[in-house]
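Throughout, read-outs are computed from the coordinates displayed, never taken from laboratory work. Source: prediction; values computed, not measured. Note: ideal-geometry Cβ built from the backbone for every residue, glycine included; neighbour counts use all protein chains shown.
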Amino acid sequence: MEFSPLLLAGLLVALLVIVTVVRAVRIVPQARARNVERLGRFHRTLTPGLSFVIPYIDRVYPALDLREQVVSFVPQPVITEDNLVVEIDTVLYFQVTDPRSAAYEIASYLQAVEQLTVTTLRNVVGSMDLERTLTSRDSINSQLRSVLDEATGKWGLRVNRVEIKAIDPPMSIKDAMEKQMRAERDKRAAILSAEGQRQSQILTAEGDKQGAILRAEGARAAAFLKAEGQAREIDEVFQAVHRNDPDPKLLAYQYLQVLPQLAQGDNNTIWVIPSEVTSALQGVSRAFTENLPTIAVAGPAGTDGSAEHAVRDAARAAAAAVADASQPDGMLPILREAVRPEVTAANCDRNGPDR
């Protein structure tokens with residue numbers, strides 16, 4: 001099939017029209033911007049949406065991203081004030097605010113920002129020692145941001161944040177820092193242990209003190225109650241004695257009952273006999289002699305009243321013994337008889353069988 005020259009010309013014209021229309025229409029996405037040059041000079045900036053340009057006369061440059069961008073630079077060696085080389089890794093957050101300045105004021109704004117960050121970082125860290133560099137990241141970040149924001153403003157950029165991602169000192173410094181940190185931790189552990197022992201001893205001493213105080217208070221209360229009970233007991237005995245009004249006979253009898261107990265000791269060889277005892281024994285003697293009973297004992301046939309005579313003889317002997325005991329010198333045989341078993345046993349135990 002042969003095409004005529006007229007048909008070929010029509011096809012070429014139609015193709016040219018289509019290409020012209022396509023080049024005249026520009027669609028810019030959101031948060032993007034495109035610079036337009038007309039005959040080699042900056043004409044305008046295309047905003048997001050549909051725009052028309054003059055084909056073959058206007059030149060549209062690639063789109064610039066207007067969103068905030070994050071750039072992580074390669075770690076750079078920086079020398080501190082105490083002549084130590086550290087590797088510092090930085091992260092930069094910036095945003096293009098003026099597409100015309102970003103395209104025409106600087107050839108490559110990313111490279112310019114990187115070099116400016118490294119230079120500023122060396123100036124800031126060079127005035128600090130290693131310890132201050134490791135502990136002053138916020139100060140370094142604020143100084144970097146202020147310098148970069150001021151320098152990049154004419155480039156159509158705005159630096160929002162500058163962050164130091166890592167600071168790596170030399171391996172020898174790392175080992176020394178690890179030893180220092182280990183020593184600090186051991187020191188804190190020893191201090192905490194000593195503080196715990198001290199607190200434990202203080203609490204134990206406080207507990208012992210409180211326990212001693214409570215025990216002393218308990219002993220004092222017990223002694224007070226015991227003394228009060230003894231006082232009441234003595235008062236009751238005293239009141240009972242006065243109410244019953246005992247005579248000297250009863251007192252003498254009780255004194256005779258106590259004598260064996262007095263003789264139980266090894267050193268009890270001398271006793272003091274009160275005068276009231278002799279008076280009481282005289283009364284007992286009169287009671288025996290005046291009121292001697294007449295006892296009739298009925299015995300078997302052929303005994304001829306021998307039992308009755310035996311009883312009377314025993315009563316007379318007892319009365320005579322009591323009468324003799326009423327004298328001061330006559331009390332000694334009775335006391336010897338009363339305490340002889342105890343004294344004899346005590347002397348035997350103490351001196352042996354020869355005495």
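Remarks
- Electrostatic bookkeeping for MET181 treats Lys and Arg as +1 and Asp and Glu as -1; over the other residues with beta carbon under 14 Å from its beta carbon, the sum is +1.
- Label point 7 Å beyond Cα of ASP168 along Cβ direction - residues of the range 48-87 with amide nitrogen under 14 Å: 73-78, 85-87
- For the pair PHE224 and THR204, a Förster radius of 41 Å applied to the C-beta separation gives a FRET efficiency near 0.85, rounded to the nearest 0.05.
- Of the chymotrypsin sites (Phe, Trp or Tyr not before Pro) found in the range 80-175, not one falls in a DSSP loop while having at most 15 other beta-carbon atoms within 10 Å.
- Rg(Cα)/(2.2 N^0.38 Å) for the range 122-210, N = residue count: 1.96
- Phi-derived couplings, Karplus 6.51 cos²θ - 1.76 cosθ + 1.60 at θ = phi - 60°, listed residue by residue for the range 168-185: 10, x, x, 5, 5, 5, 4, 4, 5, 5, 5, 5, 5, 5, 5, 5, 5, 5 Hz, with x used for Gly and Pro.
- Taking amide hydrogens as placed 1.01 Å from N in the peptide plane, the amide H of HIS43 sits under 5 Å from those of VAL36, GLU37, ARG38, each at least 5 positions away in sequence or on another chain.
- The trypsin sites (Lys or Arg not before Pro) of the range 10-67 that DSSP puts in a loop, and whose beta carbon has at most 10 other beta carbons within 10 Å, are ARG67.
- The range 1-80, relative contact order [Cα under 8 Å, separation at least 6], %: 28
- Per-pair calculated FRET efficiency, R0 = 22 Å: ARG137 and ASP175 via Cβ, rounded to 0.05: 0.50
- Rough spin-label spacing in nm, given labels placed 7 Å along Cα→Cβ, for ARG32 and ALA183: 6.1
- For LYS179, the lysines whose Cα falls under 25 Å of its own Cα, not counting residues fewer than eight places away in the same chain, are LYS165, LYS187.
- Largest-first principal axis extents of the Cα set of the range 1-138 (Å): 86, 31, 25
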